[in-house]
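Contents: one structure, followed by commentary.
The values are calculated or read from the model by the stated rules, or taken from the named source; none is laboratory data. Quick caveat: nothing in here was measured; it's all calculated off a predicted structure. Because the Cβ atoms are built from the backbone with ideal geometry, glycine has one as well, and the counts that use them run over all protein chains shown. We work out accessible area using only protein heavy atoms, side chains counted, and drop any ligands, DNA or RNA first. Shrake-Rupley method; radii C 1.70, N 1.55, O 1.52, S 1.80 Å.
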Amino acid sequence: MPDAARGFEVTPASLGLLAAAVGRVRDELECTADLGQDIGPALGSDVVAGALHHFVTGWHDGRAQICADVGQLSDLLTQAAQVYGETDGDLAAAMSGP
């Protein structure tokens, strides 16, 4: 059967890999440096420096929220992989008989 007709397949291992990848995204976001600090004088304009400061402050706060949300997603994927694996194992044991 062609792959397109089969649809997609989800396994505990694939969920675990996705959880790890999402966790790495969170880690990379957390390591992103705040740009624009201490460069106000080099911009030559207090207005531009103020706008940059406002943006950096907003990005810092927004990034923290994104990191928290992505971290929760990674945790939920990890939990789903574990429960899915346990359920799959329980079903396999039940089908094999007493």
Note, residue 71: beta-carbon cut-off 14 Å, +1 each Lys/Arg, -1 each Asp/Glu, net -2
Sequence order, the stretch 18-26: Karplus ³J(HN,Hα) from phi using 6.51 cos²θ - 1.76 cosθ + 1.60, θ = phi - 60°, Hz rounded, Gly and Pro as x, gives 5, 4, 5, 5, 5, x, 5, 4, 4
Cα gyration tensor of the stretch 6-98 diagonalised, 5x eigenvalues square-rooted, in angstrom largest first, produces semi-axes 48, 10, 9
For residue 90, the accessible surface traced by a 1.4 Å probe with all protein chains present amounts, in square angstrom to the nearest 10, to 110
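For the ranges 70-76, 49-55, what's the packing order if you count other beta-carbon atoms within 10 Å of each residue, average per peptide, and put the highest first? Walk me through the numbers before you get to the answer.
Values: 70-76: 15.7, 49-55: 13.6.
The densest-packed peptide leads the list: 70-76, 49-55.
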